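I have placed the structure first, in the form of structure tokens, so that the comments after it can refer back to it.
The values are calculated or read from the model by the stated rules, or taken from the named source; none is laboratory data. These numbers come from a predicted model, not from an experiment. Here the Cβ is made from the backbone with ideal geometry for all residues, glycine too, and neighbour counts use every protein chain on show. Side chains included, ligands, DNA and RNA excluded: accessible areas come from the protein's heavy atoms. Shrake-Rupley method; radii C 1.70, N 1.55, O 1.52, S 1.80 Å.
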Amino acid sequence: MEIDVQKMIFEFIGGLGIFLFGLKYMGEGLQKIAGERLRDLLDRFTSNPFMGVLAGAIVTALLQSSSTTTVLTVGLVNAGFMTFRQAIGVIMGANIGTTMTAFIIGIDIKEYGLPILAVGALLLFFFKSKKVTYIGQTLFGFGALFFGLEVMSGGVKPLRDLQTFHDLTVSMSDNPILGVVIGTVFTVIVQSSSATIGILQEFYGQGLMDIDAALPVLFGDNIGTTITAVLAAIGASVGARRAAAVHVIFNVLGAVLFLLLLKPFTIYVEFLRNQFDLEPEMTIAFAHGSFNIANTILQFPFIAVLAWIVVKVIPGKDSIVEFKPRHLDPIFIEQSPSLALDQAKEEVIRMGEYAYKGLEETSYYLNNHKQKHAEVALQIEDALNNLDRKITDYLVELSSAPLSDEESHKHSALMDSVRDIERIGDHFENIVELIDYKISNKVDLTEQANEDLNDMISLTLMTVKQAMRALENMDREEALAVVQKEDQIDQMERAYRKKHIIRLNEGLCSGQAGIVFVDIISNLERIGDHAVNIAEEVLAEQ
């Protein structure tokens with residue numbers, strides 16, 4: 001029988017493409033339905049490593065991607081919400097949660113892929129409600145997942161008649177390490193263990209390989225899936241590199257351990273298949289689930305050891321942006337409102353320091369286009385939003401306590417200052433987005449424009465710093481200097497706009513570059529306005 005190699009390859013890679021798209025689209029839909037609750041779930045339920053495992057498994061089952069959960073976890077570690085040891089529990093749980101896809105594939109509903117896809121499309125395109133479209137997106141992804149599998153399985157059918165493939169699976173049965181290598185390499189290429197497990201389920205389901213060859217490939221898939229975290233960690237923070245290292249060590253140790261126990265594990269899987277009369281696809285799903293659960297149980301008692309090894313291998317202190325307030329103790333509201341007010345002020349000053357740092361990181365990003373500066377700036381913006389909520393809630397609670405006239409003035413000054421600092425965060429976030437736009441659209445600014453931007457950013461940074469100093473020390477001189485500097489910022493903005501129009505008329509810069517330039521200077525001018533608002537609070541106090 002003649003095998004149409006081109007048709008086979010096209011169906012396989014096309015089906016794989018549809019499968020991967022479906023998996024990603026479904027995960028994004030579920031993420032949109034769950035929203036911020038996933039991050040809250042990780043934040044709230046990781047008080048101990050066991051709860052971390054549970055939270056990691058649930059979040060990954062919803063996101064359909066252990067890599068996404070790992071990235072979320074790294075963000076929480078960097079934000080000071082979670083200790084590194086708690087994060088290890090979440091990463092272990094993520095490995096369990098990722099087996100959910102294999103169980104979904106194990107349910108034999110491939111022929112219903114297209115109708116599910118059609119229902120998803122219907123909800124996506126014919127309904128205005130966001131919630132309905134998110135459900136539509138999830139269903140569309142779910143249907144695409146099965147349709148991709150169906151196309152793929154059509155592509156791999158002829159392989160059973162190919163002698164070379166038959167010889168390869170026989171040598172994989174005789175040499176498990178070869179199976180591990182093939183599983184690892186293929187997952188590294190595809191960058192999704194869910195996809196490679198899905199393909200393995202297809203191969204095993206169609207009798208293209210026996211269980212002795214399939215299980216080592218399964219172990220290899222679990223090693224290969226760590227590549228995503230490794231790639232994400234290159235050049236990233238210490239926390240991200242440590243999380244990636246944990247992922248690699250955990251999965252490689254598991255694979256080595258189960259290779260040594262391959263015989264008893266194979267007997268166990270065959271027992272499950274016969275006992276529950278499992279379909280071949282579901283047999284692989286159970287093997288995958290059992291492997292990850294057993295691996296977690298075996299390594300769970302050694303979390304502290306794992307943490308110690310990783311910290312030794314990847315030393316250094318991480319730059320932590322703390323989302324949580326440090327000074328807001330509710331007991332002071334009852335006991336001593338004036339002390340509570342001082343605490344709130346400490347927190348506002350800390351928030352102001354963050355705003356300055358965020359703007360500083362933005363200026364670095366403008367000049368060197370290094371992604372890490374954008375990440376830190378956006379992380380700080382996130383922290384500012386959180387601190388804004390927490391400080392405002394604290395001050396609102398404090399407003400019901402008995403305050404003297406002077407304290408009431410101070411209270412309202414802090415209330416207003418918090419809002420101004422939070423708005424500074426919004427403006428430097430806008431600038432980061434404008435720089436992103438500039439980079440992705442290859443927009444070039446003239447040398448003069450870059451020089452003007454740097455002059456204006458330097459002056460704005462000095463103004464913000466001085467405004468925070470004025471608030472901290474209630475210093476009238478500093479506050480007056482801020483008003484003066486803000487005046488200079490306004491003049492600068494007007495002058496630079498005129499210079500920009502001249503450049504535009506002379507054809508020295510493009511319209512796109514003009515939009516970026518004008519938007520950045522107007523955001524800097526607004527930051528100056530918020531700095532002067534803080535200074536005016538100080539002047540009003542005198």
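Quick notes on this one:
- Entry note, the chain: the mean residue ellipticity at 222 nm calculated from DSSP H runs of n ≥ 4, each adding -39500 (n - 2.57), is -28000 deg cm²/dmol after division by the residues and rounding to the nearest 500.
- Loop trypsin sites (Lys or Arg not before Pro), the stretch 439-470, which have at most 13 other Cβ atoms in a 10 Å radius of their Cβ (DSSP): Lys442
- Solvent-accessible area of His500, all protein chains in place: 20 Å² (probe radius 1.4 Å, heavy atoms, ligands and nucleic acids excluded).
- In order through the stretch 101-113: 3J(HN,Hα) via Karplus (6.51 cos²θ - 1.76 cosθ + 1.60), integer Hz, x for Gly, Pro: 4, 4, 5, 4, 5, x, 6, 7, 10, 4, 5, 9, x
- Couplings 3J(HN,Hα) for the stretch 460-467, derived from phi with the Karplus relation 6.51 cos²θ - 1.76 cosθ + 1.60 (θ = phi - 60°), are 5, 4, 4, 5, 4, 4, 5, 4 Hz, where x marks Gly and Pro.
- For the stretch 1-51, applying the loop criterion from DSSP together with a ceiling of 16 other beta carbons within 10 Å to the trypsin sites (Lys or Arg not before Pro) yields no site.
- Partner lysines whose Cα lies under 25 Å from the Cα of Lys131, excluding those fewer than 8 positions away in the same chain, are identified as Lys24, Lys32.
- For the stretch 354-435, the alpha-carbon coordinates run over 51, 18, 16 Å along the three principal axes, in decreasing order.
- For the stretch 466-511, the solvent-accessible area with a 1.4 angstrom probe is 59 square angstrom per residue.
- Computed over protein heavy atoms with a 1.4 angstrom probe, the accessible surface ordering of Met282, Met351, largest first, is Met282, Met351.
- ³J(HN,Hα), Karplus 6.51/-1.76/1.60, whole Hz, each residue of the stretch 52-66, x for Gly, Pro: x, 4, 5, 4, x, 5, 5, 4, 5, 4, 7, 7, 6, 7, 5
- For the stretch 151-266, the spread of Cα positions along each principal axis, largest first, Å: 50, 34, 19
- Local net charge near Tyr365, Cβ-Cβ under 14 Å (Lys/Arg +1, Asp/Glu -1): -3
- Sorted peptide list for 99-108, 210-219, criterion being average Cβ within 10 angstrom, highest first: 210-219, 99-108
- DSSP-loop trypsin sites (Lys or Arg not before Pro) across the stretch 261-365, with at most 12 other Cβ within 10 angstrom: Lys317, Arg326
- Mean shadow area of the stretch 310-446 over all directions, Cα convex hull, nm²: 11.1
- Cα gyration tensor shape of the stretch 66-225, rounded if a/c is under 1.5, else prolate or oblate by comparing a/b with b/c: oblate
- Counting only lysines at least 8 places from Lys357 when in the same chain, those with an alpha carbon closer than 24 Å to its own are Lys317, Lys324, Lys345, Lys370, Lys372, Lys390, Lys438, Lys465, Lys485.
- For the stretch 210-299, fraction of C-alpha pairs farther apart than 20 Å, in %: 41
- Solvent-accessible area, 1.4 Å probe, carbon plus sulfur percent, for the chain: 60
- Amide H to amide H, with H built 1.01 Å from N, Asp475 comes under 5 Å of no residue 5 or more places away or on another chain.
- Cα convex hull, the chain: 195 Å³ per residue, rounded to a whole number.
- Exposed-site-free run, longest, the chain (rule: GluC sites (Glu not before Pro); DSSP loop; at most 13 other C-beta within 10 Å): 37-505
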